[in-house]
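See structure below.
No value in this document is a laboratory result; all are computed from the given coordinates. Fair warning: this is a prediction, and the values are worked out from it, not measured in the lab. All Cβ positions, even for glycine, are placed from backbone atoms using ideal geometry, and neighbour counts span all protein chains on display.
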Amino acid sequence: MSWIWILMVLPAVLAVLIALIRPAQLRGTIVYAGAGSLMALTLLVLGYWMGRGMETVLLYEETELTDHLMLGGEIFLMGLIVYQSVRHRKYPIAVLSAVQTGMMVWMETQLSVAGGTHMMLDRLSMLMCIIIAFVGGLICIYAVGYMKAYHIHHKEYADRSSFFLSMLFLFLAAMFGLVLSSNLVWLYFFWEITSVISFLLIGYTRTDEAVDNSFRALWMNLLGGLGFAAAIVYSAVVYGTVELQTIILTGGAIPLVCLSLAGLTKSAQMPFSSWLLGAMVAPTPSSALLHSATMVKAGVYLLIRLAPALSGTLTGTMVSFIGGYTFIAASMMAIAQNDGKKVLAFSTISNLGLIVACAGIGVEETIWGAILLMIFHSVSKSMLFQAVGATENSLGSRDIENMHGLLLRLPKLAYVMGIGIAGMYLAPFGMLISKWVALKAFVDSGNCILVLFLAYGSATTMLYWTKWLAKLLALHHTKEEVRDVTRPDQYFSMYLHAGAMVILCLLFPVLATRVVNPMIEELFGYAYEVLSMSVLNTMAIMLASVILVPAAMFLVTKAAHRDYVPIYMGGVNEGDNTYFTNSYGLPEHLYLTNWYLRFEFGMRRLMKPSEMLCAGVLIVMFCLIAGGAL
């Protein structure tokens, strides 16, 4: 399987082609063909790997030329960051980039480390490749139609669609390299590429807000990159190796805590969550990509890899606490948001927090739940971001309050959005099952704090999703006409996402026993049945009934004649459910609104204290771990 490098090269080549092509129609055709080719190639790799018995494949021992090219690439990335930082007077960011790149250059040129393989294909990396290819590829297809509508509605921004689409494919190439790398130096190179591309995507519109948010994302991820570089240099000096698996088996405290810092920053955990919230200024496809298939998943992927070494350690305690606290804090702040993309952003941070907490505990049950959470979150969140972006182009707003009665005004988008929301929190969808398994594991581990975080965080999660779902069904006036401007390629992506979500839920027993259980055995050396087959089959049957009932209701409603009946207001409703005459004979505006609890759960009240708490935990734990190691 030495040709597995094509997974990285193909999207990189496509990125160059898309950047050079100006005709929009030809560019769109290349995006469609490229995304399809990427999915087909991933399936070929999967089939060939399965044909070889799904054994772990280790590749590339002699890579001197590639190592030199990567070192040149790291210096180029540093140059780009320094140039942009000096141009925008962000001098500390330039220093941060120069320091970590200098560390890497010194290590690679002055130190001699033990040889070994540089790439590895196992069950976890294969799963990540499938997520990257299919979720990422569909987002690229969706982006073609979205960017056309985006620049029709936002003429104030320069149309740089070719650059945007090119960066999406380059992002996918970097992610393939990241999840397939078993050498920390290679992993670091692709890690930094994702940081730089996210910086470029977030600053797409070039407004002051976009530039500020892009640099915030950059310095936070560079801080994690500094921890990554420190882990590599320490491992090379002390252990004489930069092999990820060797570091995990060695269980050294310093490399583990430094790599954990990198994972926490990339997965937007407190106190580093603000960079992901700021990413909302970018066009929706980049938000979907950053929040679902790439970027943040790189962080949790690394922490899941480290999980066996984190179990029962001080570093694992730090990681699990920060993840658990991020879960509940972000869930509470999501309640106070009425911007659809902000709700999705806080939800992403929250769910990533739960995955991080599971990785920090580092036992079989929690990693079982973490992997399933990662799968379902990738599909559901990508679908929701796409649905919100399409709704914004049609309504001119992504405010949840403006989505009232979307089931009747934009029914196709409402159904896609409804499936995504249901997949995030309703029984018996996979996300809820995974949370239940995580709760059981937290109870079994005796970690009372995480049990409380998960219990109350799940309650707040239910509140903000229920508010949104109910808004799609509520209708209080009928005069407003909405035209659906969503293009077929956008619906193609969203429908495939929705179908994948339903199929994953229906096949949950197969997914758990044939995919996740062997993955746990590969990571820990052994595995046991977390949920019995009888329980899993019952959940699948429940899901079928949950799907059949709304489907029947939809068919009946579609066949029936729908009359809009005005709300009764003492006989003085003006007939449009928007205004009625009050007892003083004056017009009164009628409206429905959700309860957002902004005073109790707003960002202004919770964000700063949460960041200070988690920053304090990080500093104290780093001091304790460093002191104990030295």
Subject >> Pairs from Lys148/Lys297; Lys412/Lys471; Lys148/Lys381 whose Cα-Cα separation, in the structure shown, is over 26 Å >> reply: Lys148/Lys297
Original post:
What distance in nm separates the simple spin-label points at Leu408 and Ala459, each placed 7 Å from Cα in the Cβ direction?
Top reply: 3.5
Original post:
How big is the equivalent ellipsoid of segment 202-288 along its three axes, where each semi-axis is √(5λ) from the Cα gyration tensor, reported in whole Å from largest to smallest?
Top reply: 32, 11, 10
**OP:** Counting other Cβ atoms within 10 Å, keep those with at most 11, restrict to DSSP loop, and tell me which trypsin sites (Lys or Arg not before Pro) in segment 140-186 are left.
**Re:** Lys155
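With a ≥ b ≥ c taken as the square roots of the eigenvalues of the C-alpha gyration tensor of segment 1-140, please select rounded if a/c is under 1.5 and otherwise prolate if a/b is larger than b/c or oblate if it is not?
Verdict is oblate for segment 1-140.
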Original post:
Taking Cα centroids, how far is segment 97-113 from segment 124-149 in Å?
Top reply: 34
Subject >> Full-extension gain in nm, Glu55 to Lys440, via 0.36 nm per residue minus C-alpha separation >> reply: 135.5 nm
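How much length is gained on full extension from Ala114 to Thr250, taking 0.36 nm per residue of separation minus their Cα-Cα distance?
Roughly 47.5 nm would be gained on extension.
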Original post:
How would you rank 54-66, 404-416, 331-343, 235-247, highest first, on the average number of other Cβ atoms within 10 Å across their residues?
Top reply: 331-343, 404-416, 235-247, 54-66
Subject >> FRET efficiency, 1/(1 + (r/R0)^6) with R0 41 Å, evaluated for Val99 and Asp399 via beta carbons >> reply: 0.45
Subject >> Counted charge near Phe163, where neighbours are those whose Cβ lies closer than 14 Å (Asp, Glu -1; Lys, Arg +1) >> reply: +3
**OP:** Compute the Cα gyration tensor for segment 381-515, then decide on rounded, prolate or oblate, letting a ≥ b ≥ c be the square roots of its eigenvalues: rounded whenever a/c is under 1.5, prolate when a/b is larger than b/c in the other cases, and oblate in all that remain.
**Re:** oblate
Original post:
Classify segment 97-216: rounded, prolate or oblate, from the alpha-carbon gyration tensor (a ≥ b ≥ c, eigenvalue square roots; a/c under 1.5 rounded; otherwise prolate if a/b is larger than b/c)?
Top reply: oblate
Subject >> Euclidean distance of C-alpha centroids, segment 281-327 and segment 235-269, integer Å >> reply: 15
Original post:
According to a simple spin-label model (label point 7 Å from Cα along Cα-to-Cβ), what is the distance in nm between Leu592 and Glu611?
Top reply: 3.7
Subject >> Mean residue ellipticity (222 nm) of the chain, computed from DSSP H runs ≥ 4 via -39,500 (n - 2.57), nearest 500 >> reply: -24500 deg cm²/dmol
Subject >> Positive-pole candidate from Ser161, Gly499, Gly136, dipole of the chain, charges at beta carbon >> reply: Ser161
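Nearest 0.05, what FRET efficiency do Glu156 and Tyr526 give at R0 = 51 Å with Cβ-Cβ as r?
Working: r = 58 Å, r/R0 = 1.14.
The formula returns an efficiency of 0.30 here.
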Original post:
For segment 53-118, what relative contact order do you get, as a whole percent, if you take Cα pairs closer than 8 Å and at least 6 residues apart?
Top reply: 45
Original post:
So if we plug the beta-carbon distance of Leu65 and Leu44 into 1/(1 + (r/R0)^6) with R0 = 25 Å, what FRET efficiency do we get, rounded to 0.05?
Top reply: 0.40
Original post:
How far is it, in nm, from the label point at Asp208 to the one at Ile449 when both lie 7 Å from their Cα along the line to the Cβ?
Top reply: 4.1
Original post:
Taking only C-alpha pairs under 8 Å that are 6+ residues apart, what is the relative contact order of the chain in percent?
Top reply: 14
